[in-house]
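Just below is one structure, and these are the notes that go with it.
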Amino acid sequence: MVADALPDSWTIQAFTPWAASGVAELQLEFVAALDAALGGQLREQEDAKRALKKYVDWVRPLIQAGPGAVRVIAEAAERATDAALARKPWSVEFEALSLSLQSMQKRVLIVCDDIDRLDAAELLQFLKVVRLLGRFPNVHYLIAYDADTVEDLLAAEGISGRTSSFMEKIVQHPFELPRIDFATRWSHVSSALTRAIADQSEWLNEEAVERYRLLVGALAKGFTTPRQIARYEQHLGALTKLIPGEVDLMDFAALAYLRLNHHDVYEALPKWTAELSQGLSADEKKGLRAQDWAERIRETSRRDEVTGAWEAIEFLYPSLRNSSHASLHPKAFADDRYQERYYAFVVPENDVSDVLVARAISSFVQHTEDQEAERDVTVLIESAQPSVAGLAVTKLQAERMRTARDNDQVGRLVHFLYGQYLRVEPTSGTPDSYASRLFYWLADEVLRGYASSELDRATVLERFGEEMAMGLVSNAVSGWGSNKDSRRMRMLKDFAQFAEESSSSRTSLLHDKPETVRIKIALRARVNSEALAGAYDRLVDGDLEAFEALAIAMTRIVTWWGGDSSRDELEFDRDMWQVVLSEEVRARMAPRLTAEFDEVMLDENDVTPETRRQFAIRTARASGRG
C-alpha cells in the first residue's frame, strides 16, 4: 500500500533478507538492492554507485560475489596491507557517498519484508547492515515484521528486557496494523468456509447451517489479522482436497484452525479426547469445568494469546455445549471411528470409505450407475477382516436408510445382499459374524420391493425358497408399531394366507423343515392368534408320526455367546405348543409317544437332528401329563 501510494519521484527496491543463505550473502543482497535502486544511466547515478562501492569496501570486505550483487574482488594476501593503507578514512567515504546521493535529487525506498523469518543471529546482522550500509540522505527503509516474533528473536540473543528500546533505535516511525473488528473477521472467515464448501460440492441441511454459523463465530474470535485468515484459507483449501467427502468438512475446518494457529493444543487433543467427550462438569470434584480447560490450554500452548483455541475445541465436541450428550453428526471428529482420518488425511486400513459406500448404494438402487463402486465394495467385504467387513455392511445400510426414496429399485441391492448372506451364513454361530445384519437388511429391502410392487409373493418364494422367504417376511413385518404400518400388514396377510394354505395338510407337516413349520405358525398368529387355537388338532389327532413332527417343530435352537466362543441349546416352545393343540389332543396323544427317552440324560447343547427329536418327544410327553 505504501509503495503504491508513493509518487514517481521515488525509486522502490525490494530487499528479501530471509532469501540469503548466510551473513555474507545477506550483505551482498542488501548491497545489490541499493545498487539497483541507484540506477546508473546518469552521471550523478554513476558517481553514487562508485561512492557506494568504496563505502562498502570500507565497512565490510566482501569475500565473494552473489547473483546480481556488486562484485568486489578480495585483495590478494600480499597486497591486503597496501590496500588498507591506501583507503581514505571512513568519514571521508561516508561524506562522499552522502554528497553523491544528495546530488541525485531522488529518494529511494528499500522494502524489507518478513524479517521475522530470520533466525536470531541473522536478524542482528540485518539490523547492523541497515545501520552501517544504509544511513544515507534520501535512502529510506520500510521494514515489515511481527513485533512479538522479533522481540522473541532478540531475547534469544540476550537483549531481553530492552528489545522495544533496541528496535526504537532502528525504526523511527512504527505503524501498527490495527486489529480488525469482529464483523469483518466474521465476513472473511465466512467467505473462506463458503469457498471450501463450494469446492467440495457440499450441501448443508438446516442442522448443518446452524453448525456453520457456530463455527464461523468461533473462528472469528481467534483470528486477529487478515494475514492469519489468508493463511488459513490457503491451508484449508489445500488440505480438504486430500480427503474429500471422508470427513465432516466443518469439523475438519475447526481442526485445521487449531493445527495452524494453536499447534501445541492440536497435538494434545488425542490425549484429551476421553475427557472432552464426557462434557463439562459444574462441580470440580466430579469433572473438568470450562475454566479448568482454559487453564489447561494456557499451560499447553507456547503462545501468549490462546483466544479461539477453546472455541474450536468446543465446536469439535458437542458434549461440551450440550449436557444431554446429543447424538453426533455423521463423520464427526468426536466420533472415535473417524478421528484417525482427520489426522492422517487418509481412510485407514481398518476403516471403510464413506465416499465408496455412498457411490455403491447409489448404484445398487439405480440412482447413478457405478459398476466400479459396486465391484470395489464387494471385493472389500469379501476380502477384509470380519470386523472391517461388518463395518462396511453397517455403513452401507446406514447410507441406504439416509438416502432411501420411494421409487428406488431394489432388485440389484437384493441380489447383492442375498449373495453376501449365503456366503457368510455358515459363520452365523460366531460372535463377530455379520450374517444376521445382512439378513435383517435383506428383509427390509424385500419389504420395500413388495410395497412398491417390484416384488410379489410368487417372486419372493421362488427366489429365496419357502423357508427363507417365510423368515424374511417374519423379520420384515416384526417390530414396534408394525401393526399400524399398512405396507407390513398387507405383506403379512398375504404370506400368512400362503402359510395357512401350504400347512393345511398332513403332508406339509411331515415334509416341511421344523423351522418352516414354526415360522408359518408365527405368521398366522400375527394376523389372528385366536384362530390358531387347536388349529393342528385335526392333523395330528390319532397320527403319532404327525404329532411327533409337530413336537420337533416346537423345539427351537437358541445360540448363546460368551467371550470368543458360542454354544447352542435346545428349547421347547411350550406357549405355541399349547395354542396350536388343544389340551384334550395333547393329553390323548402324548402318552403314545415312546417312553425310551424319559430317563435318558440328554445333552441339551447337542442340536443334532436325533438329539432334537429325543428332546422334543420327552418334553411333549411331559407336557401331556400336565
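Consider Gly419 carefully, then state whether it is within 23 Å of Ala469 (Cβ to Cβ) and at pLDDT below 95.
Numbers: within 23 Å of Ala469 (Cβ to Cβ): yes; at pLDDT below 95: no.
Here the answer is no, as Gly419 does not meet what is asked.
Scanning for something surrounded by 14 or more Cβ atoms within 10 Å (Cβ to Cβ) and of a type in the set (Ser, Thr, Tyr), does segment 395-417 turn up at least one residue?
Checking segment 395-417: not a single residue is surrounded by 14 or more Cβ atoms within 10 Å (Cβ to Cβ) and of a type in the set (Ser, Thr, Tyr).
Out of curiosity, is Ser301 among the hydroxyl-bearing types (Ser, Thr, Tyr) and touching an Asp or Glu at 6+ places or on another chain (Cβ under 7 Å)? Break it down stepwise before answering.
Values: among the hydroxyl-bearing types (Ser, Thr, Tyr): yes; touching an Asp or Glu at 6+ places or on another chain (Cβ under 7 Å): yes.
In short, yes.
Give me the pairs, please: first residue somewhere in segment 289-316 and in a helix (DSSP H, G or I), second residue anywhere and among the acidic types (Asp, Glu) and loosely packed, with under 14 Cβ neighbours inside 10 Å, beta-carbon distance under 8 Å, and either six or more positions apart or on two chains.
Cβ pairs passing all conditions: Asp292/Glu284.
Any residue in segment 583-593 that is open to solvent by less than 30 Å² (accessible area, probe 1.4 Å), within 23 Å of Met470 (Cα to Cα) and at pLDDT 90 or above?
no
Quick check on segment 540-582: of everything there that is assigned to a loop (DSSP other than H, G, I, E, B) and either over 12 Å from Arg612 (Cα atoms) or free of Cβ contacts under 8 Å to residues at least 12 places away in the same chain (or both), which residue is least open to solvent (accessible area, probe 1.4 Å)?
As a first pass, look at segment 540-582 and keep what is assigned to a loop (DSSP other than H, G, I, E, B): 541-543, 554, 563-564, 573, 581-582.
Those left that are additionally either over 12 Å from Arg612 (Cα atoms) or free of Cβ contacts under 8 Å to residues at least 12 places away in the same chain (or both): 541-543, 563-564, 573, 581-582.
On the way: Asp541: 68, Gly542: 49, Asp543: 31, Gly563: 75, Asp564: 144, Asp573: 19, Leu581: 0, Ser582: 28 Å².
Here the answer is Leu581.
So which residues in segment 328-380 are open to solvent by less than 60 Å² (accessible area, probe 1.4 Å), of a type in the set (Ser, Thr, Tyr) and closer than 13 Å to Arg412 by Cβ?
Correct list: Ser362, Ser363, Thr378.
Which one of the conditions (1) closer than 30 Å to Tyr418 by Cα; (2) outside any loop (DSSP other than H, G, I, E, B); (3) without any contact (Cβ under 8 Å) to a residue 24 or more places away in the chain does Pro348 fail to meet, given that it meets all the rest?
(2)
Here is a list: Val424, Val414. Which entry is farther than 22 Å from Arg487 by Cβ, part of a helix (DSSP H, G or I) and among the hydrophobic types (A, V, I, L, M, F, W, C)?
Working: Val414 fails: farther than 22 Å from Arg487 by Cβ.
Just one listed residue meets the conditions, Val424.
Determine the pairs where a residue that is closer than 20 Å to Val130 by Cα, located within segment 155-183, has a partner that is open to solvent by less than 90 Å² (accessible area, probe 1.4 Å) and modelled with pLDDT of 75 or more with Cβ atoms under 6 Å apart, the partner being 6 or more residues away or on another chain.
Glu157/Ala120; Glu157/Leu124; Thr163/Glu151; Thr163/Leu154; Ile170/Leu127
Listed here are the residues, each with its yes/no results for (1) closer than 21 Å to Met554 by Cα; (2) aliphatic (A, V, I, L, M); (3) over 41 Å from the mean Cα position of the chain (by Cα).
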| residue | (1), (2), (3) |
| --- | --- |
| Ser433 | no, no, no |
| Glu462 | no, no, yes |
| Val473 | yes, yes, no |
| Arg490 | no, no, yes |
| Ala496 | yes, yes, yes |
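Which one of these is at pLDDT 90 or above and either under 20 Å from Arg337 (Cβ atoms) or among the polar types (S, T, N, Q) (or both): Val189, Val209, Val247, Val265? Explain how you work it out, then say what you get.
Details: Val189 fails: either under 20 Å from Arg337 (Cβ atoms) or among the polar types (S, T, N, Q) (or both); Val209 fails: either under 20 Å from Arg337 (Cβ atoms) or among the polar types (S, T, N, Q) (or both); Val265 fails: either under 20 Å from Arg337 (Cβ atoms) or among the polar types (S, T, N, Q) (or both).
Matching residue, one of Val189, Val209, Val247, Val265: Val247.
Could you grab me the full set of residues in segment 594-626 that are aromatic (Phe, Trp, Tyr) and either open to solvent by 50 Å² or more (accessible area, probe 1.4 Å) or part of a helix (DSSP H, G or I) (or both)? If you could, list the steps in order and put the result at the bottom.
Pass one, segment 594-626, residues aromatic (Phe, Trp, Tyr): 597, 615.
Phe615, the sole residue that qualifies.
Out of all the residues in segment 225-284, which are part of a helix (DSSP H, G or I), among the hydroxyl-bearing types (Ser, Thr, Tyr) and open to solvent by less than 30 Å² (accessible area, probe 1.4 Å)? Write out each step before concluding.
Taking segment 225-284 as the starting set, the residues that turn out to be part of a helix (DSSP H, G or I) are 226-239, 249-261, 263-277.
The next check asks that each one be among the hydroxyl-bearing types (Ser, Thr, Tyr); those that pass are 232, 257, 266, 273, 277.
Hits for segment 225-284 are Tyr232, Tyr257, Tyr266, Thr273.
Just to be sure, is Ile229 in contact (Cβ under 8 Å) with a residue 24 or more places away in the chain, closer than 27 Å to Asn322 by Cβ, among the hydrophobic types (A, V, I, L, M, F, W, C) and out of contact with any Ser or Thr (no Cβ under 7 Å at 6 or more places or on another chain)? Break it down into steps so the answer makes sense when it comes.
On the way: in contact (Cβ under 8 Å) with a residue 24 or more places away in the chain: yes; closer than 27 Å to Asn322 by Cβ: no; among the hydrophobic types (A, V, I, L, M, F, W, C): yes; out of contact with any Ser or Thr (no Cβ under 7 Å at 6 or more places or on another chain): yes.
Judged against the criteria, Ile229 is not a match.
The values are calculated or read from the model by the stated rules, or taken from the named source; none is laboratory data. Fair warning: this is a prediction, and the values are worked out from it, not measured in the lab. Backbone-built Cβ (ideal geometry, glycine too); neighbour counts: all protein chains shown. Ligands, DNA and RNA are stripped out before the accessible areas are found, and what is left, the full protein with its side chains, is counted by its heavy atoms. Shrake-Rupley method; radii C 1.70, N 1.55, O 1.52, S 1.80 Å.
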